[in-house]
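Notes for the one structure printed next.
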Amino acid sequence: QVQLVESGGGLVQPGGSLKLSCTASGCFFSPSAMGWYRQAPGKERELVATITSGGTTNYADSVKGRFTISRDNAKNTVYLQMNSLRPEDTAGYYCNADIRRCGSITTMNYWGRGTLVTVSS
């Protein structure tokens, strides 16, 4: 089965930086679109950034110029470099990917369990 596992979350001061990683494991074809979403307490989960297999990126307006999404296809890993962090960036960050499993002709969407990012003094 396919699993997505995030890492890199933690506590950081305002203005600081963190880099999140998400690695897919299992038997599958190279993921197409991959991305990051976040969810703060009492709020809906929202898109942060996405990246296609070809490297096309898309960002939420709130993170443009501060966050950078990238991927290493050989490692089946997507990254989120977060700079100039603000308290309002505090949330659980979840990895998402469109993946076609071995033996399947269809692509399905998968979620990681999340990693917590806390921006506070």
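The values are calculated or read from the model by the stated rules, or taken from the named source; none is laboratory data. What you see is a predicted model, and the numbers here were worked out from it, not measured in a lab. Neighbour counts run over all protein chains shown; Cβ positions are idealised from the backbone, glycine included. Calculation scope for accessible area: heavy atoms of the full protein, side chains included, ligands and nucleic acids excluded. Shrake-Rupley method; radii C 1.70, N 1.55, O 1.52, S 1.80 Å.
Computed quantities for the displayed model
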read-out: Candidate set from segment 11-25 (those that are outside any loop (DSSP other than H, G, I, E, B) and of a type in the set (Gly, Ala, Ser)); member that is least open to solvent (accessible area, probe 1.4 Å); value: ALA24
read-out: Residue count for segment 26-52, restricted to those that are touching a Lys or Arg at 6+ places or on another chain (Cβ under 8 Å) and open to solvent by 60 Å² or more (accessible area, probe 1.4 Å); value: 5
read-out: Residues of segment 53-64 satisfying the condition of being surrounded by fewer than 10 Cβ atoms within 10 Å (Cβ to Cβ) and more than 18 Å from ALA97 (Cβ to Cβ); value: ASP61
read-out: Unmet criterion (only one of (1) outside any strand (DSSP E or B); (2) in contact with a Ser or Thr (Cβ under 6 Å, 6 or more places away or on another chain)) for GLY35; value: (1)
read-out: Close pairs from segment 33-48: first under 15 Å from LEU20 (Cβ atoms), partner of a type in the set (A, V, I, L, M) and open to solvent by 30 Å² or more (accessible area, probe 1.4 Å), Cβ under 6 Å, at least 6 apart; value: TYR37/LEU47
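Every residue, every condition in (1) among the polar types (S, T, N, Q); (2) open to solvent by 80 Å² or more (accessible area, probe 1.4 Å), yes or no:
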| residue | (1), (2) |
| --- | --- |
| LYS75 | no, yes |
| GLN81 | yes, no |
| SER84 | yes, no |
| ARG100 | no, yes |
| GLY103 | no, yes |
| GLY114 | no, no |
| THR118 | yes, no |
